[in-house]
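The values are calculated or read from the model by the stated rules, or taken from the named source; none is laboratory data. Note that the structure is a prediction, hence the values are computed from the model and not measured. Reconstructed Cβ throughout: ideal geometry from the backbone, glycine too, with neighbour counts over all protein chains shown. For accessibility, only protein heavy atoms count, side chains too; no ligands or nucleic acids. Shrake-Rupley method; radii C 1.70, N 1.55, O 1.52, S 1.80 Å.
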Amino acid sequence: MRQADLAITFAKHSGRNTWREYAPELSRDVDTRLALRAELQKALDHNHFVMHYQPIINGHTGRIMGAEALIRWPHPERGFISPAVFVPLAEETGLIHALSHWVLEAACRDLRWLQSQAVVDFPFVINISPLHFQRPDFTQEVQDMLARYQLTPKNVEIELTEGLFLNNVQETIDKLKHLQSLGLKISIDDFGTGYSSLRYLKNLPIDKIKIDRSFVQEIVSDRNDAAISKAIIGLAHHLNLRVVAEGVETPAQYWYLKRNFCDEFQGYLFSRPEPVDKWAQRLQVTGGIVALPTQEDNIDHERTLLLLDDEENILKALHRLLRRDGYKIFHARTSQEAFDILAVHPIRVILSDQRLQETTGTEFFAKVKNLYPDTVRIILSGYSDLKSVTEAINHGAIYKFLTKPWDEADLRQELAQAFKVAVRR
Ligand code: C2E
Ligand code: MG
Ligand code: MG
């Protein structure tokens with residue numbers, strides 16, 4: 001009976017109107033969760049959690065605009081357990097209020113301490129579970145906590161997920177308005193991954209939107225992620241909201257987002273989440289400014305050429321040949337490297353091999369055409385697969401198809417011509 005009951009529960013969780021067969025993993029799952037729940041309660045009672053903070057950075061100045069408070073559970077046997085695992089569990093089991101209260105207090109205490117160590121002109125940003133937010137005394141709880149640590153509403157920002165707008169929308173909006181009138185700033189986290197309703201967004205008293213890491217991860221090579229991120233930025237700016245990109249790990253992601261007008265950045269590229277004593281040391285040295293990725297100066301943007309080939313000697317030979325024509329030449333050995341370069345530098349002309357290790361030149365160009373339509377794209381190939389060539393040409397993804405081995409004079413001529421086309425675009 002117990003096993004049947006479990007199977008029913010899982011069927012319900014899979015969206016109902018379906019069936020599930022009992023399997024031993026289901027009990028193991030439940031047992032693990034029960035054990036974890038008991039340990040969560042214990043950890044709360046014994047103060048086993050710690051807070052780490054990750055900077056949110058202004059993309060133009062490098063100034064720290066805020067520090068997101070992220071809870072950590074160092075478990076004696078299992079190492080660090082991710083909040084992505086235990087926060088939902090706390091929500092299901094009703095422990096979330098105690099946990100959330102603990103976070104609020106820890107963040108306020110840490111901020112107060114940090115202020116005594118260094119100049120802190122930015123707020124701490126706290127994630128609030130919808131279940132906690134919806135409690136009638138939430139606003140009072142925040143005010144009491146601020147008072148207890150002699151903080152003002154400017155010192156704290158709250159981050160909410162779209163799950164908040166599933167129920168009691170009007171009540172939620174009223175509460176947000178009240179918080180805002182007290183001077184607290186509010187962001188929507190993981191925007192676009194939940195239940196965003198544009199109708200509510202229009203009326204929401206919020207200040208910021210965070211682009212989820214899942215859109216940022218492949219932003220330089222996936223046209224859909226790029227399109228969604230750009231749309232979120234445009235939407236936010238038209239609504240007078242600032243935009244933060246989460247999970248920025250590479251300079252290429254940073255440059256792509258920055259060129260598309262993203263305001264603020266957060267991610268391992270700048271800093272991992274760190275405990276507050278590390279912050280104190282760092283602030284004393286840097287004064288709250290983080291180094292932004294730099295770009296080479298003095299690039300002639302009209303003459304940028306990207307060479308993509310997985311053979312080093314071909315790249316070298318091409319470089320030697322074309323260098324004298326005054327191009328600023330970039331090299332890539334894989335399409336991923338090429339996408340990273342495209343995100344950072346405004347490339348005019350691309351010369352790519354057809355046979356690459358992970359893809360073909362024509363497939364690569366089909367993606368580039370969507371992300372960077374103004375580039376002039378040329379294939380230089382030792383073999384010609386007629387189907388892919390015709391497809392690429394018919395889709396307008398390539399400008400010319402040249403063959404290896406090349407005639408030096410011809411190739412230089414073709415490139416000179418390509419740059420003339422590029423200038424007209
Ligand atoms: P979130 O609020 O969207 O937080 C961002 C997550 O991305 C954090 O994961 C952070 O460590 C991670 N992250 C930041 N930069 C990078 C990066 O460059 N690369 C990668 N791979 N990850 C990056 P974390 O700390 O594991 O937290 C996961 C989620 O758990 C949070 O997502 C938030 O929803 C929840 N959470 C964390 N702390 C709290 C809390 O105190 N209260 C509540 N209610 N939820 C929390
Ligand atoms: Mg967050
Ligand atoms: Mg997020």
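A Cβ distance below 7 Å, combined with a sequence gap of six or more or placement on separate chains, defines the contacts here; from segment 193-216, residues that are small (Gly, Ala, Ser) reach residues that are within 15 Å of ligand 2 (Cβ to nearest atom) in the pairs Gly194/Thr161; Gly194/Glu162; Gly194/Gly163; Ser196/Glu162; Ser214/Thr193. Restrict the check to segment 237-254 and report whether at least one residue is away from ligand 2 (no atom under 16 Å from the Cβ), assigned to a helix (DSSP H, G or I) and over 13 Å from Pro293 (Cα atoms). Yes; the residues of segment 237-254 include at least one that is away from ligand 2 (no atom under 16 Å from the Cβ), assigned to a helix (DSSP H, G or I) and over 13 Å from Pro293 (Cα atoms). For segment 97-115, filtering for residues that are aromatic (Phe, Trp, Tyr) and within 11 Å of ligand 1 (Cβ to nearest atom) leaves 1.
Among what's in segment 164-222 and is assigned to a helix (DSSP H, G or I) and within 12 Å of ligand 3 (Cβ to nearest atom), pick the residue that is most open to solvent (accessible area, probe 1.4 Å). Only one residue fits best here, namely Arg213.
For segment 78-97, enumerate the residues that are more than 16 Å from ligand 2 (Cβ to nearest atom), open to solvent by less than 50 Å² (accessible area, probe 1.4 Å) and within 26 Å of Phe165 (Cα to Cα). Break it down stepwise before answering.
Within segment 78-97, the first condition is being more than 16 Å from ligand 2 (Cβ to nearest atom), and the residues that meet it are 78-81, 89, 92-95, 97.
Those still in the list that are open to solvent by less than 50 Å² (accessible area, probe 1.4 Å) too: 79, 81, 89, 93, 95, 97.
Those that are more than 16 Å from ligand 2 (Cβ to nearest atom), open to solvent by less than 50 Å² (accessible area, probe 1.4 Å) and within 26 Å of Phe165 (Cα to Cα): Leu89, Thr93, Leu95, His97.
Residues in segment 363-402 that are open to solvent by 50 Å² or more (accessible area, probe 1.4 Å), in a helix (DSSP H, G or I) and closer than 23 Å to Arg424 by Cα: Lys367, Lys369, Asn370, Ile393, Asn394. Among the residues of segment 122-143, are any more than 16 Å from ligand 3 (Cβ to nearest atom), in the same structural domain as Gln54 (by TED's automatic domain parsing), within 30 Å of Arg282 (Cβ to Cβ) and among the charged types (D, E, K, R)? Checking segment 122-143: not a single residue is more than 16 Å from ligand 3 (Cβ to nearest atom), in the same structural domain as Gln54 (by TED's automatic domain parsing), within 30 Å of Arg282 (Cβ to Cβ) and among the charged types (D, E, K, R). Scan segment 98-133 for residues that are open to solvent by 10 Å² or more (accessible area, probe 1.4 Å), away from ligand 2 (no atom under 13 Å from the Cβ), in contact (Cβ under 8 Å) with a residue 40 or more places away in the chain and in a helix (DSSP H, G or I) and jot them down. Hits for segment 98-133 are Ala98, His101, Trp102, Glu105, Arg109, Asp110, Trp113, Gln117, Leu131.
Report yes if Asn298 is open to solvent by 10 Å² or more (accessible area, probe 1.4 Å), assigned to a helix (DSSP H, G or I) and farther than 29 Å from Glu157 by Cβ, otherwise no. Spell out the reasoning first.
Values: open to solvent by 10 Å² or more (accessible area, probe 1.4 Å): yes; assigned to a helix (DSSP H, G or I): no; farther than 29 Å from Glu157 by Cβ: yes.
The answer is no for Asn298.
Scanning segment 38-73 for residues that are touching a helix residue (DSSP H, G or I) at 6+ places or on another chain (Cβ under 7 Å), more than 16 Å from ligand 2 (Cβ to nearest atom) and closer than 24 Å to Thr250 by Cα yields a single hit, Gly59. For segment 375-418, which positions are touching a strand residue (DSSP E or B) at 6+ places or on another chain (Cβ under 6 Å) and within 20 Å of Pro346 (Cα to Cα)? Thr375, Val376, Arg377, Ile378, Ile379, Ile398, Tyr399, Ala418, listed by residue number. Residues in segment 348-362 that are open to solvent by 20 Å² or more (accessible area, probe 1.4 Å) and at pLDDT 95 or above: Arg348 alone. Among residues of segment 136-153 being within 16 Å of ligand 1 (Cβ to nearest atom) and within 30 Å of the chain's Cα centre (by Cα), the one that is surrounded by the fewest Cβ atoms within 10 Å (Cβ to Cβ) is Phe138.
Specify which of the listed residues (Ala231, Ala226, Ala245) is more than 15 Å from ligand 3 (Cβ to nearest atom) and buried (at least 17 other Cβ atoms within 10 Å of the Cβ). Steps first, please.
Values: Ala231 fails: buried (at least 17 other Cβ atoms within 10 Å of the Cβ); Ala245 fails: more than 15 Å from ligand 3 (Cβ to nearest atom).
Going through Ala231, Ala226, Ala245 in turn, the sole match is Ala226.
Please verify whether Asp263 is buried (at least 18 other Cβ atoms within 10 Å of the Cβ), away from ligand 2 (no atom under 16 Å from the Cβ) and acidic (Asp, Glu), treating the condition exactly as stated. Yes; evaluated as a whole, the condition is true for this residue.
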